[in-house]
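Q: Input: one structure, supplied below.
The values are calculated or read from the model by the stated rules, or taken from the named source; none is laboratory data. Small disclaimer: the values here were computed from a predicted structure and weren't measured. Cβ placement follows ideal geometry from the backbone for every residue including glycine, while neighbour counts extend to all protein chains displayed. Accessible surface areas use protein heavy atoms only, side chains included; no ligands, DNA or RNA. Shrake-Rupley method; radii C 1.70, N 1.55, O 1.52, S 1.80 Å.
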Amino acid sequence: MMTINSITSLREALKPARQAGKRIGLVPTMGALHEGHLSLIAEARQVCDVVVTTIFVNPTQFGPNEDLDRYPRTLKQDLEACKEAGVDFVFTPETTELYPPEAQFLSIRIAELTDHLCGATRPGHFNGVLQIVNKLFNIVQPTDAWFGQKDIQQLILLETMVREFNIPVRIHRGKTIREADGLAMSSRNRYLSAQERAIAPQLYAEITSIRDYLKHGGDITAEDLDRTLAAARYRLTEIGFKIDYLSIVDVRNLQPQQRVYSDRTYIIAVAAKIGNTRLIDNIIF
Ligand code: AMP
């Protein structure tokens, strides 16, 4: 495994594989790696000849009052985990390598896909995500790239970017990897106190029971749906969550729905804070 921090060196290192027509898989991460990241790497390893992982805490996707400064950075362990997982190249650029001070002139405009969910509560976040992934696609020029369903709005935006900008990268969806009690793995879980960690799985428990109700509940009216979501929000608030959103959105446009129909696909998505830690989760059904 090679660890590389300059764009030029990474391009040089990947040149032989590209010229030989090899399949190059990209797994972008912000580090503090866990089993969720490693499952994406394992899938890339199975499909591709060369696997590139990037570890970069991207400042442009953090808002002014968010956790950029205290985001966990565990590079040494991350590199060991990458090596163990069979990664060929780890790209660990400094911020100035990707964002030289003079580069401030372009951004990607996003239409209604960011009106709701995390787009509404984290203004500018997804502009930063699309910016960095677009850059990484151009730097690495992968044939394939892996992203987790845990960040479903991000995944749908990236699929849209690739489609609408004709970017020749095949995007793969990685399923959400969970702790034994259902909590979705996240680099931010390490912020949780023991007490917070104990209630954290309730997020997944609530969206699972909403999904079960919607699947088996027969003809569900707008009032039923409204009442179900309100009850779940109430229970989460009672045990200490501050809810950003708990919504059912259409999988195609991410707009909140008042009714659900059995022949369509929806996402039940939740974001909530416990203490200072913001957790997200979702189920597609
Ligand atoms: P992050 O380092 O949090 O930016 O995540 C890097 C990639 O790992 C993104 O594509 C995430 O969606 C994905 N990811 C994060 N958590 C999980 C998880 N629990 N299961 C599967 N993929 C995940």
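Q: Of the residues that make up the range 75-82, is at least one within 16 Å of the chain's Cα centre (by Cα) and assigned by TED's automatic domain parsing to the domain that holds Ile108? Step through it out loud before you land on a result.
A: Of the range 75-82, the ones within 16 Å of the chain's Cα centre (by Cα) are none.
So far as the range 75-82 goes, no, none of its residues is within 16 Å of the chain's Cα centre (by Cα) and assigned by TED's automatic domain parsing to the domain that holds Ile108.
Q: Could you give every pair whose Cβ atoms fall below 9 Å, whose first residue belongs to the range 163-187 and is within 24 Å of Ile110 (Cβ to Cβ), and whose second residue is modelled with pLDDT under 95, counting only separations of at least 6 or pairs across chains?
A: Phe165/Ile108
Q: Inspect all residues belonging to the range 148-157 and state whether any of them is free of Cβ contacts under 8 Å to residues at least 24 places away in the same chain, of a type outside the set (Val, Ile, Thr) and within 13 Å of the ligand (Cβ to nearest atom).
A: First pass over the range 148-157, keeping only residues free of Cβ contacts under 8 Å to residues at least 24 places away in the same chain: 155.
Still in the running and of a type outside the set (Val, Ile, Thr): 155.
In the following step, the residues that additionally are within 13 Å of the ligand (Cβ to nearest atom) were identified as 155.
So far as the range 148-157 goes, yes, one or more of its residues are free of Cβ contacts under 8 Å to residues at least 24 places away in the same chain, of a type outside the set (Val, Ile, Thr) and within 13 Å of the ligand (Cβ to nearest atom).
Q: Confirm whether Phe62 is of a type outside the set (Asp, Glu), under 27 Å from Lys15 (Cα atoms) and touching a residue at least 12 places away in the same chain (Cβ under 8 Å). Show your work before the answer.
A: Working: of a type outside the set (Asp, Glu): yes; under 27 Å from Lys15 (Cα atoms): no; touching a residue at least 12 places away in the same chain (Cβ under 8 Å): yes.
Criteria not met by Phe62.
Q: Evaluate the range 226-243: report whether one residue or more is more than 16 Å from the ligand (Cβ to nearest atom), closer than 21 Å to Phe126 by Cα and not assigned by TED's automatic domain parsing to the domain that holds Ala32.
A: Going residue by residue through the range 226-243, those that are more than 16 Å from the ligand (Cβ to nearest atom) are 226-243.
Filter once more, so that each one left must be closer than 21 Å to Phe126 by Cα: 243.
Still in the running and not assigned by TED's automatic domain parsing to the domain that holds Ala32: 243.
Within the range 226-243, one or more residues are more than 16 Å from the ligand (Cβ to nearest atom), closer than 21 Å to Phe126 by Cα and not assigned by TED's automatic domain parsing to the domain that holds Ala32.
Q: Can you pull out the residues in the range 90-112 that are within 21 Å of the chain's Cα centre (by Cα) and either closer than 22 Å to Thr8 by Cβ or among the hydrophobic types (A, V, I, L, M, F, W, C) (or both)? Give the steps one after another, and end with the answer.
A: The first filter runs over the range 90-112 and keeps only residues within 21 Å of the chain's Cα centre (by Cα), leaving 90-93, 95, 98, 107-112.
Val90, Phe91, Thr92, Pro93, Thr95, Leu98, Ile108, Ile110, Ala111, listed by residue number.
Q: Search the range 23-37 for residues being more than 9 Å from the ligand (Cβ to nearest atom) and of a type in the set (A, V, I, L, M, F, W, C), and hand back the single one that is surrounded by the most Cβ atoms within 10 Å (Cβ to Cβ). Walk me through how you get there before you give the answer.
A: Looking only at the range 23-37, we keep the residues that are more than 9 Å from the ligand (Cβ to nearest atom), and these are 23-26.
Restricting the remaining residues to those that are of a type in the set (A, V, I, L, M, F, W, C) gives 24, 26.
Details: Ile24: 22, Leu26: 28.
Only one residue tops the list, namely Leu26.
Q: Go through the range 38-59 and count every residue that is within 13 Å of the ligand (Cβ to nearest atom) and more than 18 Å from Arg278 (Cα to Cα).
A: Adding up the residues that qualify gives 11.
Q: Taking the criterion of being more than 16 Å from the ligand (Cβ to nearest atom) and over 19 Å from the mean Cα position of the chain (by Cα), would at least one residue in the range 113-127 satisfy it?
A: no
Q: Suppose we filter Leu26, Leu14 for residues that are more than 24 Å from Leu183 (Cβ to Cβ) and in contact with a Leu (Cβ under 8 Å, 6 or more places away or on another chain); which single one remains? Before the answer, list the steps.
A: Working: Leu14 fails: in contact with a Leu (Cβ under 8 Å, 6 or more places away or on another chain).
Criteria check complete, one pass: Leu26.
Q: Now for a different question. Would you confirm whether any residue within the range 8-22 is without any contact (Cβ under 8 Å) to a residue 24 or more places away in the chain, in a loop (DSSP other than H, G, I, E, B) and open to solvent by 40 Å² or more (accessible area, probe 1.4 Å)? Break it down stepwise before answering.
A: Let us first name the residues in the range 8-22 that are without any contact (Cβ under 8 Å) to a residue 24 or more places away in the chain, namely 8-9, 12, 15-16, 19-21.
Then keep just the ones that are in a loop (DSSP other than H, G, I, E, B); that gives 20-21.
Okay, now just the ones that are also open to solvent by 40 Å² or more (accessible area, probe 1.4 Å), so 20-21.
Within the range 8-22, one or more residues are without any contact (Cβ under 8 Å) to a residue 24 or more places away in the chain, in a loop (DSSP other than H, G, I, E, B) and open to solvent by 40 Å² or more (accessible area, probe 1.4 Å).
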